[in-house]
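Contents: one structure, followed by commentary.
The values are calculated or read from the model by the stated rules, or taken from the named source; none is laboratory data. Everything quoted here is computed from the prediction, not taken from an experiment. Methodologically, a virtual Cβ is constructed for each residue, glycine included, from the backbone with ideal geometry; neighbour enumeration extends over all protein chains shown. For accessibility, only protein heavy atoms count, side chains too; no ligands or nucleic acids. Shrake-Rupley method; radii C 1.70, N 1.55, O 1.52, S 1.80 Å.
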Amino acid sequence: MTVIPGDRVVLRPIAAADRARLREILATPEVARWWGDPDHETEGLYEVEDGYSVYAIELDGVVVGLIQSCEELDPQYRHAGIDISVHPDFHGRGIGTDALRALARHLLESGHHRLTIDPAAANETAIRVYTKVGFRPVGLMRDYERAPDGTWHDGLLMDLLAGELE
């Protein structure tokens, strides 16, 4: 994995030293609401799988979030999915938008023609950010994910094709 520059942020591979900060981000109520158990989610970031990459989002040398990609490597279905989380203290500053654009550009330049992202259908803030980058709604995935309280929630599948990155 390489370091990926954005306009304001830098995406760099996560390191063991990031574990506490990433858990802190995932444990904030605004993030945990969408991601789930911070201990489980943090440990999952460090599980190595082919095509799976996790980056710390740095702003002025401070880790303010994380962004990950999961690449489908089968040539017939080649595409990549993205997931992102930014600490609430840094919401509303364009950091998530910049990080998404940087990773999307990197994945598209690496040969992917299509990217996906799948926010909770109720996460209007995330959907606005993803739309700003160029992602478009594809469809509603009913009862897509289980919430910490055990209930099922819908997800929104969004995608972005090469040439649509804004």
Inset, instruction - Any chance you could check the Cα centroid distance between the range 56-113 and the range 4-37 for me, in angstrom? - result: 11
Inset, instruction - At 1.4 Å probe size, with every protein chain present, just tell me what the per residue accessible area of the range 37-155 comes to in Å². - result: 53
Legend entry - Relative packing of peptides 49-57, 15-23, 72-80, 96-104 - highest average C-beta neighbours within 10 Å first: 96-104, 49-57, 15-23, 72-80
Legend entry - Student exercise, the range 1-106 dipole from Lys, Arg, Asp, Glu Cβ charges, in Debye to nearest 20: 440
Legend entry - Percent accessible area from carbon and sulfur atoms, the range 14-166, protein chains only, probe 1.4 Å: 49
Legend entry - Spin-label pair residue 78/residue 113, simplified geometry with 7 Å Cα→Cβ offset, distance in nm: 1.0
Inset, instruction - Using just the helices of the chain, give the 222 nm mean residue ellipticity in deg cm²/dmol: DSSP H runs with n ≥ 4 each add -39,500 (n - 2.57), and the total is spread over all residues, rounded to 500. - result: -8500 deg cm²/dmol
Inset, instruction - Please work out whether the range 58-151 counts as rounded, prolate or oblate from its C-alpha gyration tensor, where a ≥ b ≥ c are the square roots of the eigenvalues and a/c under 1.5 means rounded, while otherwise a/b larger than b/c means prolate and anything else oblate? - result: oblate
Inset, instruction - Using label points projected 7 Å from each Cα along Cα→Cβ, tell me how many nm separate residue 147 and residue 7, to one decimal. - result: 3.5
Inset, instruction - Counting only DSSP beta bridges with both residues in the range 29-166, tell me the antiparallel percent, nearest 5. - result: 95
Inset, instruction - With a 1.4 Å probe and all protein chains in place, put 35, 152 in order of accessible area, largest first. - result: 152, 35
